[in-house]
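Structure first, then comments.
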Amino acid sequence: MTVTIGNHVVGGGRPAYVIAEIGLNHNGDVELAKRLIDVAADAGADAVKFQKRTPEIATPEHMRDVPRDTPWGTMTYFEYRQRVEFDRDQYIEISDHALLRGLEWFASPWDVPSVEFLEDLGAVAHKVASASLTDRELLEALRDTGKPVILSTGMSTIEQIDAAIDVLGTDRLVLMHATSTYPMEPEEANLRMIPALRDRYPGVPVGYSGHERGLQISLAAVALGAVAVERHITLDRTMWGSDHAASLEPTGLTHLVRDIRVIEAALGDGVKRVYPGELAPMAKLRRVPA
Ligand SMILES: C=C(OP(=O)(O)O)C(=O)O
């Protein structure tokens, strides 16, 4: 089964859909967001992704008043959450820039008003962050949009994934294997979950959302058939903010896309053939002709 996101068909043996997750790595700065969109476009990614919250709803109660040192001074966690959200005009500016650079854009809404906000802006799809997989109200709102939904499965049991899929249905669904540690260690990657999810939910395209350092694990995910790869991106891993350290810098993203395409070319079709380039070595090396 395939899922169409904007101009891309995901699954069905198509090239892996590469999502550059800007998330909150724009640190609330539209110009920084636009530079990250440029990085994604220059690297050959297919889409950029953001995170959209209504801080009044999405900030857990016990976290609200926790003080946080930020580049803008010490503030509460709630104030920080407000500081890094883009408003409608800012979203129009960044989504226009993404479209101008030939990229699809969407976001993970973390609450129901954020779904409405993104729908109003014409997002081509929606993502469910692993943390939201058990939020039935959010899942129902996303299902009701009729848009493709990309569901991340980190920090979740298989029963919780079953329950989320019961709500979302399997039409227009892309599942993402994920482990929600930052940065993720190789021992926690459990990439064999990619074929395991494919077996459990026949016909549902399965991709990979990664938070590891480096490229190897994402590339192995593609070799195991991941139909989409999502990685956080940043201009500089040492920047202030919780996700920068587990993100790819511009060169890393460029190499990721380059290497994914090499692996896809190398995977072939599983039909045994003798390549024309093998004929000369055969003539030279094979002692017993057929
Ligand atoms: C946190 C997110 O996703 P994941 O669980 O795939 O890391 C997100 O999309 O906002």
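Quick check: anything in region 230-245 modelled with pLDDT of 95 or more and more than 19 Å from ARG35 (Cβ to Cβ)? Within region 230-245, one or more residues are modelled with pLDDT of 95 or more and more than 19 Å from ARG35 (Cβ to Cβ).
For beta carbons closer than 7 Å, sequence separation of 6+ or different chains, a first residue in region 195-212 that is over 30 Å from ALA245 (Cβ atoms) and a second that is part of a helix (DSSP H, G or I), the qualifying pairs are TYR201/ILE165. Within region 215-239, the set of residues being assigned to a helix (DSSP H, G or I) and either buried (at least 16 other Cβ atoms within 10 Å of the Cβ) or among the aliphatic types (A, V, I, L, M) (or both) comprises ILE217, SER218, LEU219, ALA220, ALA221, VAL222, ALA223.
The residue that is surrounded by the fewest Cβ atoms within 10 Å (Cβ to Cβ), counting only those in region 100-112 that are within 16 Å of the ligand (Cβ to nearest atom) and of a type outside the set (Gly, Ala, Ser), is VAL112.
So the check is Cβ under 9 Å with 6+ separation or different chains; which pairs have a first residue in region 85-101 that's without any contact (Cβ under 8 Å) to a residue 60 or more places away in the chain and over 16 Å from LYS49 (Cβ atoms) and a second one that's of a type in the set (Asp, Glu) and part of a helix (DSSP H, G or I)? Short answer, once both residue conditions are applied: ARG88/ASP120. In region 133-147, the residue that is farthest from the ligand (Cβ to nearest atom) out of those that are surrounded by fewer than 20 Cβ atoms within 10 Å (Cβ to Cβ) and not acidic (Asp, Glu) is GLY146. Restricting attention to region 148-180, the residues that are away from the ligand (no atom under 16 Å from the Cβ), touching a Gly at 6+ places or on another chain (Cβ under 9 Å) and β-branched (Val, Ile, Thr) add up to 1. Only one entry of ASP144, ASP171 meets the criterion of being more than 30 Å from LEU215 (Cα to Cα), at pLDDT 95 or above and either among the β-branched types (Val, Ile, Thr) or not in a helix (DSSP H, G or I) (or both), and that entry is ASP171. Annotation for region 83-103: no member residue is of a type in the set (Ser, Thr, Tyr) and part of a strand (DSSP E or B).
For every residue, the table says whether it meets (1) under 20 Å from ILE263 (Cβ atoms); (2) in a loop (DSSP other than H, G, I, E, B).
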residue	(1), (2)
MET1	no, yes
THR4	no, no
VAL9	yes, no
GLY13	yes, yes
ASP42	no, no
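Per-residue answers, yes or no, for (1) touching an Asp or Glu at 6+ places or on another chain (Cβ under 8 Å); (2) loosely packed, with under 15 Cβ neighbours inside 10 Å; (3) aromatic (Phe, Trp, Tyr):
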site: PRO15; (1), (2), (3): yes, no, no
site: GLY23; (1), (2), (3): yes, no, no
site: ASN27; (1), (2), (3): no, no, no
site: GLU31; (1), (2), (3): no, yes, no
site: LYS34; (1), (2), (3): yes, no, no
site: ALA41; (1), (2), (3): no, no, no
site: TYR80; (1), (2), (3): no, no, yes
site: ALA98; (1), (2), (3): yes, no, no
site: VAL115; (1), (2), (3): no, no, no
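Inside region 169-214, residues that are surrounded by 18 or more Cβ atoms within 10 Å (Cβ to Cβ) and not hydroxyl-bearing (Ser, Thr, Tyr) make up a count of 21.
Does ARG88 meet the test of being at pLDDT 95 or above and exposed (fewer than 15 other Cβ atoms within 10 Å of the Cβ)? When the stated conditions are applied, ARG88 passes them. Checking each residue in region 218-274 for being within 21 Å of GLU188 (Cα to Cα) and acidic (Asp, Glu) picks out GLU230, ASP243.
The values are calculated or read from the model by the stated rules, or taken from the named source; none is laboratory data. All of these numbers come straight from a predicted model, not from anything done at the bench. Glycine also receives a Cβ, built like all others from the backbone with ideal geometry; neighbour counts cover every protein chain displayed.
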